[in-house]
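Student: Take a look at this one; I'll ask things after.
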Amino acid sequence: MNTTAKNDPTTVIAEMTAPYVEHQEFPDIVYPTSVTATLAAFRRSFPAATRLVPEQDDGAAALSVHSRDYVDFVKEGSRRPEGATKFPLNVIALPELRVSEPRTFEGRHTRYFFDEVTRATPAVCEGALHSAAASLQGARWLADTVAAQTAERADRPSSSSAALVLVPSRPPGHHALPTVGGGLCLFANAAIAARELSRSGRVVVLDIDQDHGNGTQAVFYDDPSVLTISIHAEGWPHVAGFSEETGGPGAPGGNLNLPLPTGSGFAAYEPALETALEAIGRFEPRYLVLALGYDAQKEQGFGALRLETEHFGVLGRRIADLRLPTLVTTEGCYGYYESTAEAATLFFEGWAERWR
Ligand SMILES: [Zn+2]
């Protein structure tokens, strides 16, 4: 097995890994293993990849997508002593219920998270801040790399180029909206990267997590410079993710949802993937942001989708075939280490095979 990255000097591959995210256990998140598994797989497939370390930014990257009061809430969460916040809350803050503003940090969860499983523990908040910073800085690295490659091609028109950066992110991000988090997501990492990249060209965000990327959709729903695509099992979060959600008045066609019936396997998934790839081709983006989750694998996500592990190899190859400058963020998986590690391995081996 040879999975070394292509030797072409214009193929540039890197990871932007915050040490905090790589080494932190995240005990309150149901799937702590995916960063470990993803990094191991990525490093095996791309042993020559540059290892970049993001600088901490005190929430600046998160502010590119999220409201200041929400970012301040997460920053406060990162500073609280471990165990100081008492759960569960058992309150759903429907507008009809809300008479006064919450007065405690616990109470502010009802304001800033749309579900009860998402909790602003110190580790999760710190991880969110690091992941947001890494997403922004990974995007800047990608944009700079592509600019340099474009300049080089002007000198040598026959040269080909490609660029890939992995941003291992924990907590995940694709369910986080501009003013609230939820679904275990605090900051919208893929959206933070996409917004930065959209400063220098059109961007597609492709979300292959089992669940709908409702947060990413919300961020760009009316933004014609970013096409958001999500392939997911129908259902959660019940109030978004349907095929008729095709973009706001300022961006008609700017969102593509490809929901699949619960229990679908690759026979249903593959045509949806092809539809997504065709839409990406038509949009002619300068960059791709991939929200990579493994929970469509059949042992994970309560079987909402039933991909075999080997199908992640197909996904890696098909998405790599786009040959777009790509930033990858890590989304869901459900703590089944073996299937996560195997899916990650096959995904990046498939990608490396195509870019060799
Ligand atoms: Zn998921």
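The values are calculated or read from the model by the stated rules, or taken from the named source; none is laboratory data. Keep in mind it's a predicted model, so treat the numbers as computed, not measured. Note that each Cβ is placed from the backbone with ideal geometry, even for glycine, and that neighbours are counted across all protein chains shown. Areas reflect the complete protein model, heavy atoms only, side chains present, ligands, DNA and RNA absent. Shrake-Rupley method; radii C 1.70, N 1.55, O 1.52, S 1.80 Å.
Student: Hey, among E342, E349, E338, which residue is part of a helix (DSSP H, G or I), touching a residue at least 40 places away in the same chain (Cβ under 8 Å) and of a type in the set (D, E)?
Tutor: Matching residue, one of E342, E349, E338: E349.
Student: Continuing with the same structure: In the stretch 144-159, is there at least one residue being buried (at least 24 other Cβ atoms within 10 Å of the Cβ) and over 13 Å from the mean Cα position of the chain (by Cα)?
Tutor: No, that holds for no residue.
Student: I would also like to ask the following. Select from the stretch 233-277 the residues that are in a loop (DSSP other than H, G, I, E, B) and aromatic (F, W, Y) and list them in ascending order.
Tutor: Selection gives W236, F242.
Student: Could you identify the single residue in T110, T104 that is buried (at least 16 other Cβ atoms within 10 Å of the Cβ) and modelled with pLDDT under 95? Outline the logic, then answer.
Tutor: Details: T104 fails: buried (at least 16 other Cβ atoms within 10 Å of the Cβ).
Exactly one residue qualifies, and that residue is T110.
Student: State which residue is surrounded by the most Cβ atoms within 10 Å (Cβ to Cβ) when the search covers only the stretch 280-295 and only residues that are more than 15 Å from the ligand (Cβ to nearest atom) and within 19 Å of the chain's Cα centre (by Cα).
Tutor: Checked the stretch 280-295; the qualifying residue surrounded by the most Cβ atoms within 10 Å (Cβ to Cβ) is V289.
Student: Somewhere in the stretch 212-220, is a residue within 16 Å of the ligand (Cβ to nearest atom), of a type in the set (V, I, T), open to solvent by 10 Å² or more (accessible area, probe 1.4 Å) and in contact (Cβ under 8 Å) with a residue 24 or more places away in the chain?
Tutor: Checked the stretch 212-220: no residue is within 16 Å of the ligand (Cβ to nearest atom), of a type in the set (V, I, T), open to solvent by 10 Å² or more (accessible area, probe 1.4 Å) and in contact (Cβ under 8 Å) with a residue 24 or more places away in the chain.
Student: Further question: Looking at (1) crowded, with 24+ Cβ neighbours inside 10 Å; (2) under 19 Å from the mean Cα position of the chain (by Cα); (3) closer than 26 Å to V203 by Cα, which one does Q300 not meet, given that it meets all the others?
Tutor: Evaluating Q300 over (1) crowded, with 24+ Cβ neighbours inside 10 Å; (2) under 19 Å from the mean Cα position of the chain (by Cα); (3) closer than 26 Å to V203 by Cα leaves (3) as the failure.
Student: Counting only residues that are farther than 14 Å from F347 by Cα, part of a loop (DSSP other than H, G, I, E, B), more than 13 Å from the ligand (Cβ to nearest atom) and of a type outside the set (K, R), how many does the stretch 296-335 have?
Tutor: So the answer is 4.
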